[in-house]
Structure formats: C-alpha cells, structure tokens
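Written below as structure tokens is the structure these notes are about.
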Amino acid sequence: MICMFSWYSYRMGEELEAEKHVNYILSVEKKKNDFESVVMEHIRINGAYWGLTTLDLLGKIGAVDSKDVVSWVLECQHESGGFGGNIGHDPHILYTLSAVQILALFDKINVLDIDKVSNYIVGLQNEDGSFSGDVWGEVDTRFSYIAICSLALLHRLDKINVEKAVKYVVSCKNLDGGFGCTPGAESHAGQIFCCVAALAITGSLHQIDKDLLGWWLCERQDKSGGLNGRPEKLPDVCYSWWVLSSLIMIDRVHWIDKEKLVKYILDCQDKEKGGISDRPNDAVDVFHTYFGVAGMFSFSFKAKSVSHMQQLDFLSSFF
Ligand SMILES: [Zn+2]
C-alpha cells in the first residue's frame, strides 16, 4: 500500500500529519477508560475497524497484535452468527460488517464459520428485497449495502436475491439523482454512498443517472472547500469520504475542487497530538480521523489511474 502514498508529498504549505495520526489512534486504543472509549463501548467493533483501517492506510497495521484483535472479534460473535458491537452485546448487521472487514484486513476471514455468518445476513433480507438491521426489523438502504458488501467479502453474494436487493435500492432513488434510506426519503450523502456502492458491487451502476447524481454530489462542496451531507448543512470531514467515494464510483470526482478539499481536511488536523476533527478546531475522534485519511487516500488512489475494477475492489474492501 505504501506505493500509493503519493499524497504524502502533497504540499500546499502543509501536509498530512501521518505519524501523529498513527500515534493518536494507538493512544486511543490504550486509554480504555476515557470519555471517547466509554461512549464508544457499544460500537467498539466499528471503532476498531476505523482505527485499524487508518493504521493500515498509513502503513502501520503491524503496530497492533493481530492475534489479540482476531480473538476479540470472534468473542463478539453471537450464537445467531451475527456480531455485537462488543463482547456480550446484541448482534446487528452494522457490527457484522465491521467484524468481517477487520478479519479481511488481517486476511483472516477463514477463521470464521462463513456459512453461519452469511446465513445470519441472508435471514435479514425481506420479501421486497430490502434488509433489516437486526431482529427488530428497522429497514434502511445502509443495511442493503452492508449485506451486499459483507457477502461479497465472504464470497456468498449468491445466497441472497440480488435482483430484488438491487430493485429495492433503485426504488430509493430520488428525482434529484440521490438516494434516501427508504423509498421517498430525502437524499443524503451517506445513503448515496451506500446505494452507489451496493449497485457498484452488484454490477448495477447503469441504474444511476451519473450526471444528475454527480451534480448533486459536487454541490456538496461549499466555499470552505469542505463537503456537507445535504443542502444547507455545515461541511464535515466525514463527508469527504461519502461524497468522494461516490463520485469516484460514478467517475465524476473531477467535478469538485480537489485542492480546496485537501486544504479543508488538513485544516481539521490536530497538528500537535494527531487526529482529525469534523471541522477546523473541533475535538478530534477516531471516526473523523479515519474518514479524513480515507478521503486523502482516495485522491491519490484515483491519481494512480488504476482500473475501474481495482477501484471498486478498494472501495468494497475498505468499506
Ligand atoms: Zn462527521
């Protein structure tokens, strides 16, 4: 992955403080009783995925003991096959994807009972093709993406009704070209990422009006250079990822001002202690550090002119 680090030398008077971000991620992992760790207790497996992937992108995944991580992930698995956000927590499809992704990161998918995990996900598909997040039945296009991404990583995509799953995602497309969480719901950049990625993985990008959606997505950039998730909202570093990766998948990333966005992300860094925040001068957290680094990384990835399929592989593996 080091070979893709062209952005390391990206200079606009300042740079990505890669080493400090690595130290920040490692320090969060050690401080199990501080505020951030406590509020993340129930989504610890998501936090682990964000932190570990940041380390991987920055070439430092070797700083953690993979055996410890893998055995902890397995302890989060429920009898149903799904994973909880931490040991002893109820399973949900959100945590199941993070578990699969962490194991994929360490090339340890084979430690799983793959049929057991995939059966849990398959059991969450509804008659109309949508997916529920867990046994309580909430439906959201995020869960469609998660199911599709997880099963693709497990090589079990053939176990669901892909045609119906795609049909449901397409039914959430709006007149502005974007997608919402359910049919008729407002377009939102996070949901758009999920729907576009679900369609990309299933080979259904032709269902998207790329120019219309590309226009909506590039309108998310405001004068600060940052990207927001919906019209009239403040920019936020995490949308660098949701919007950028969507634009990459529909081949319209050249429609935004790259230099201004890079500057915005770099302005959100804590240049002393490491970490990235949602907006300049806010408190840093693992979530925004990951999305900031991933956003920077996706620029260089594109700049390397890799094939479309490699891009999709990158996007589905890392998200
Ligand atoms: Zn955010």
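The values are calculated or read from the model by the stated rules, or taken from the named source; none is laboratory data. Quick caveat, the model's predicted, so the values are computed rather than measured. Methodologically, a virtual Cβ is constructed for each residue, glycine included, from the backbone with ideal geometry; neighbour enumeration extends over all protein chains shown. Surface accessibility is based on the protein's heavy atoms, side chains included, excluding ligands, DNA and RNA. Shrake-Rupley method; radii C 1.70, N 1.55, O 1.52, S 1.80 Å.
Before moving on, here are some points about what is shown:
- All positions within segment 223-251 that are within 14 Å of I265 (Cβ to Cβ) and over 20 Å from the mean Cα position of the chain (by Cα): S224, G225
- Each residue in segment 277-300 was checked for being modelled with pLDDT of 95 or more, within 16 Å of Y49 (Cα to Cα) and outside any helix (DSSP H, G or I), and 0 of them qualify.
- Tabulated pairs, segment 208-234, first closer than 23 Å to V169 by Cβ, second among the hydroxyl-bearing types (S, T, Y) and more than 13 Å from the ligand (Cβ to nearest atom), C-beta under 7 angstrom, 6+ apart or interchain: W216/S187; L217/S246
- Of all residues in segment 248-269, those that are in a loop (DSSP other than H, G, I, E, B) and open to solvent by 50 Å² or more (accessible area, probe 1.4 Å) total 2.
- Flag for D128 being modelled with pLDDT of 95 or more, part of a loop (DSSP other than H, G, I, E, B) and more than 19 Å from A200 (Cα to Cα): yes
- Among the residues of segment 273-298, those that are surrounded by fewer than 20 Cβ atoms within 10 Å (Cβ to Cβ) and away from the ligand (no atom under 11 Å from the Cβ) comprise K273, P280, N281, A283.
- Checking each residue in segment 206-247 for being within 12 Å of the ligand (Cβ to nearest atom), outside any loop (DSSP other than H, G, I, E, B) and open to solvent by 30 Å² or more (accessible area, probe 1.4 Å) picks out Y239, W242.
- Residue pairs whose Cβ atoms lie under 6 Å apart, sitting 6 or more positions apart in sequence or on different chains, and linking a residue in segment 168-189 that is more than 15 Å from I208 (Cα to Cα) and surrounded by fewer than 18 Cβ atoms within 10 Å (Cβ to Cβ) to a partner that is of a type in the set (V, I, T) and at pLDDT 95 or above, do not occur here.
- Residue list for segment 58-71, restricted to those being open to solvent by less than 50 Å² (accessible area, probe 1.4 Å) and free of Cβ contacts under 8 Å to residues at least 40 places away in the same chain: V64, V69
- Subset of segment 100-159 (residues that are under 17 Å from Y49 (Cα atoms) and free of Cβ contacts under 8 Å to residues at least 40 places away in the same chain): L103, D107
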